[in-house]
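Notes follow the structure.
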Amino acid sequence: MQFGGRRKKNSINPQSELYGQHLQFYGQPPLENISLSEFETFAVERLKLLKTVENLGVSHVKLTDLYISKLEKELKALNFPYRPDAVSIVDFDALELKKDHISHFILRLAYCQTEDLRRWFIQQEVDLFRFRFNDLDPKQQLEFLHKNNLRYDTISSEEKLKLKDQLINSSFGVSGITVMEHEFYKVPFQDALDLVRLRKVYLKQGYAYIPHQDIVTIVLNDFRTRLSKALALTARSLPAVHSDERLQPLLNHLSHAYVGQDYSIQKNVGKISLDQIDSLSGKSFPLCMRQLHQSLRENHHLRHGGRMQYGLFLKGIGLSLEQALQFWKMEFIRGKVDADKFDKAYAYSIRHMFGKEGKRTDYTPYSCMKVILSNPPSQGDHHGCPFRHSDPELLKQKLQVYKVSPSGINQILELVKGMHYQLACQKYFELTHNIEDSSFSLNHPNQYFLESQKLLGGGKDIKREMDAPQRSQENAASKGSTATQEVAANTSQHLAEMTEDLDSFFQDA
Amino acid sequence: MPSSDYDPASLPDLLPLYYRRLFPFSQYYRWLSYGGVQKNYFQNREFSFTLKDDIYVRYQSFSTQNELEKEMQKMNPYKIDVGAVYSHRPSQHNTVKSGTFQALEKELVFDIDMTDYDDVRSCCSAADICSKCWTLMTIAIHILDRALRDDFGFQHRLWVYSGRRGVHCWVCDEAARKLSVAARSAVTEYLSLVKGGDETVKKVVLTEPIHPFISNSLDVVKEYFTQYALHDQDLMGSKESVEKVLALVPEDARSYLQQEFEKEKKPEKRWKLITTEAKRKQVGNFAHSFYIVLHIRTEGLVVLQSVSLKSTAKKGQYFEKEIMLQYCYPRLDANVSKGVNHLLKSPFSVHPKTGRISVPIDVSELDKFDPFSVPTISLICEELDRPRPGEEKEKLGDGKEKEDEKDAIEKRKIRDYKRTSLAKYIKYFDQFLDGMARSWKAERLRKSDLQKEF
């Protein structure tokens with residue numbers, strides 16, 4: 001991929017003819033020039049799309065009508081290819097197709113670097129792929145498979161009749177009618193291992209005979225494997241990409257980006273008093289912050305990672321700088337730190353958090369994704385996400401101490417085992433607040449706090465605060481990267497705000 | 001043919017003779033070269049030897065057939081194992097950059113060991129076998145061979161007697177040799193029906209629908225069940241045995257059967273009671289679910305609850321099949337099959353404890369195979385020295401004495417095994433190799449065609 005200069009190249013290129021459909025395996029990287037601003041816009045928008053895919057995936061059953069309609073809405077809003085009535089490729093906007101293609105490859109660069117990032121990226125891309133594949137009609141699906149060299153062939157009606165009984169007895173949910181009316185695919189057994197392993201498919205002469213409904217699973221696994229291999233390859237060529245100074249900052253932004261509310265504006269500054277914190281920590285703090293608060297009380301100290309995560313959270317719930325200084329000082333003095341030392345060593349960093357020192361960036365409280373993915377805790381640390389970073393046995397004990405019911409603990413542990421850390425925290429929310437179903441999708445510790453307060457009788461103030469879009473007011477007089485400056489200069493206000501969020505987010509890392 | 005008495009202490013004397021005059025090196029090399037289709041296939045193959053005093057050496061590899069012969073004749077291994085084809089010569093693996101030395105291909109293999117059936121055979125246990133329980137191996141080979149051929153499409157399957165208490169299968173098709181670990185694992189799972197260890201009472205559970213693989217396997221078991229289980233193993237005879245079988249029957253049928261068994265003592269009749277009871281349950285469930293569906297239709301309601309009711313009622317109805325499978329279905333050692341780099345005892349290796357040679361089994365004559373008539377190393381060594389009826393000693397002329405003698409020795413070597421009981425097994429192995437050779441030839445032609453294009 002060539003990274004061209006700032007000229008925009010808006011060619012409706014013949015490459016769109018290469019796209020058979022709006023769905024692809026992303027086997028070939030795009031070969032064209034785009035501007036840096038396009039580079040950023042595409043990447044950020046695809047990231048938004050994938051985050052929507054993630055959120056919908058955790059709060060809805062995939063491919064239900066509600067899921068589909070919500071995802072369609074997002075695709076339209078972000079100008080990604082989506083046309084429910086599409087019959088052929090000409091129905092799609094060439095620009096949208098190009099954007100889809102390029103944005104995928106840009107995000108590969110950003111998300112290939114660590115195991116966690118890769119896993120997240122692959123999961124969302126697979127879900128998006130599933131959605132799009134499901135959208136095609138059977139004929140188009142077969143076309144897609146053949147175009148992509150998947151040696152799957154349908155079997156003839158004669159063969160179906162001959163094998164009818166065996167097919168009925170091999171595949172789940174297949175009746176005589178299904179056999180005759182639906183397509184069956186003949187696939188080399190090596191490409192259908194999951195079905196073979198569980199003996200859920202008919203095998204003959206090395207071929208698996210798969211009903212249409214199961215072919216999707218296989219195609220998805222194929223996509224997943226290809227993408228996984230591609231990411232591994234991409235990671236190896238990353239040093240070359242990183243040497244391009246224009247790209248490195250943006251790629252870093254992207255992999256830590258949280259696109260959405262950042263809880264940096266505290267409209268309720270000063271509304272919380274210090275003596276409320278202990279009781280609030282039990283009632284309305286997410287587990288990570290409750291754990292940090294308890295450690296602080298017990299040890300009269302927290303290390304840097306913990307101070308950042310907890311300190312910014314406290315800022316997010318409404319502590320003022322003066323309150324924060326008092327809070328930390330009072331606690332540290334009980335430990336090994338005397339007043340002078342605190343003022344010299346620790347007070348500075350607290351003021352820094354509030355944007356009163358140095359670059360004067362008003363740091364934003366960490367989102368769940370940031371807590372889970374970056375800066376894992378080591379010995380002596382108490383920060384991080386307990387659902388991600390605690391050993392399950394210890395997590396279980398902690399939940400028992402916090403009086404979570406045994407069945408509730410089991411549910412949480414199951415979610416943890418499936419790596420659904422935020423869902424586990426949401427379950428913790430539901431159990432500690434005695435409700436069946438939390439009506440939100442958990443993304444941010446401060447969101448947890450606000451939702452909790454709302455539930456426990458917070459009221460109008462909090463609701464209003466949550467609905468209003470939040471942007472950071474105090475912009476850093478930041479030297480920043482040239483990339484962000486250029487972006488701010490020549491694109492829409494919306495985009496400028498967005499990338500400034502990303503920028504400030506990046507800088508507090 | 002009576003086997004000469006074998007004494008393990010004589011191995012050090014017999015092995016040199018075996019490796020110099022009897023081991024079928026040329027066939028062995030022909031096998032493992034696979035027609036020379038892939039470069040260095042033989043050279044990159046790992047062998048391991050167990051030498052005298054249990055000294056074990058891995059990562060043995062050889063450049064030529066001659067080198068293999070010389071080494072084996074020098075080391076006289078007690079046991080020979082065959083491993084994977086690696087990315088480099090195994091004997092040089094220490095010189096290769098760490099991480100790049102990898103197992104690439106190997107035959108798909110299966111190991112069936114009689115000790116895994118101890119909980120279901122009453123005649124022997126542990127390392128012992130007899131003609132009564134050997135039927136289990138016969139059943140195992142019939143079932144697995146059919147599945148490997150018909151379900152998976154594997155053409156070249158070599159079954160080998162392990163020398164003591166089991167059998168091995170080497171699937172030599174190119175597709176099989178190239179299978180990934182995940183694929184081997186999936187194939188093994190597909191072929192596994194008996195699950196659970198000592199603490200599990202019921203090791204086979206069948207649910208609807210019965211997969212064609214299971215039906216086909218049951219057909220094989222049924223052929224042997226009466227003779228093997230009811231007569232040879234006396235399944236329905238002793239009180240202890242009957243109790244074990246009834247433990248596998250659902251509770252509601254158990255007490256009825258126990259009562260009936262007070263009156264009926266004949267094994268075949270007892271088994272008939274079991275199968276009849278099972279059929280009754282199967283039909284009953286069908287009628288039950290049918291009723292539910294009818295009921296819904298007349299009401300005009302669609303009630304999902306009843307569907308699940310249907311499926312839970314259908315468990316436990318196939319208990320007669322489950323019993324047959326638990327007592328007869330092959331038990332695989334999954335670990336042997338799953339790894340690409342797993343080492344397995346080589347065909348034509350000697351079993352140090354029994355002296356028997358690991359010979360290939362002719363599957364077309366499977367039911368006639370008798371492990372107790374497999375030749376031992378002492379027998380075949382003895383047969384070597386026995387003059388064949390009507391044979392004359394080689395006459396050595398003048399002049400080219402030495403050359404002729406050498407020539408004669410070579411010729412004699414080729415004919416040596418033919419004078420022994422090993423002959424028919426090597427002949428069978430030759431036929432197996434001929435079968436594969438046709439596909440090698442096709443592969444070689446294809447490859448050379450491709451090369452010509454460039």
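The values are calculated or read from the model by the stated rules, or taken from the named source; none is laboratory data. Note that this is a predicted model, so its numbers are computed, not measured. Backbone-built Cβ (ideal geometry, glycine too); neighbour counts: all protein chains shown. For the accessible areas, the whole protein counts, side chains as well, though only heavy atoms, and no ligand, DNA or RNA atoms are used. Shrake-Rupley method; radii C 1.70, N 1.55, O 1.52, S 1.80 Å.
Averaged across the residues of A:193-203, what count of C-beta atoms belonging to other chains lies within 10 Å of each residue's C-beta? Per residue, the average neighbour count from other chains is 6.
Of B:100, B:138, B:115, the order by accessible heavy-atom surface (1.4 Å probe, DNA, RNA and ligands excluded), from most exposed downward, is B:100, B:115, B:138. Within the same chain, lysines fewer than 8 places from residue B:418 are excluded, and of the rest, those with a Cα less than 22 Å from its Cα are B:70, B:368, B:393, B:395, B:406, B:427.
Shielding of B:149-156 by partners, i.e. mean partner chain Cβ atoms within 10 Å per residue? Mean inter-chain Cβ contacts per residue within 10 Å come to 4. Listed cross-link partners B:195/B:222; B:52/B:345; A:398/A:427 are compared with a 18 Å cut-off, the Cα-Cα value being larger for B:195/B:222.
Non-local lysine pairs in the range A:147-216, meaning eight or more places apart or on different chains, with alpha-carbon distances under 18 Å, amount to 11. The distance between label points at residue B:94 and residue B:268 comes to 6.7 nm (points 7 Å beyond Cα on the Cα→Cβ vector).
Chain pair A, B: how much accessible area is buried, both chains summed, with a 1.4 Å probe, in Å² to 100? Working shown, then result.
Values: alone 24780 and 23460 Å², together 46660 Å².
Rounded to the nearest hundred, the buried surface is 1600 Å².
Checking the Cα-Cα distances for A:370/A:417; A:70/A:229; B:202/B:239 against a 24 Å cut-off, the pairs over it are A:70/A:229. The largest-to-smallest principal axis extents of the Cα set in chain B are 103, 61, 39 Å.
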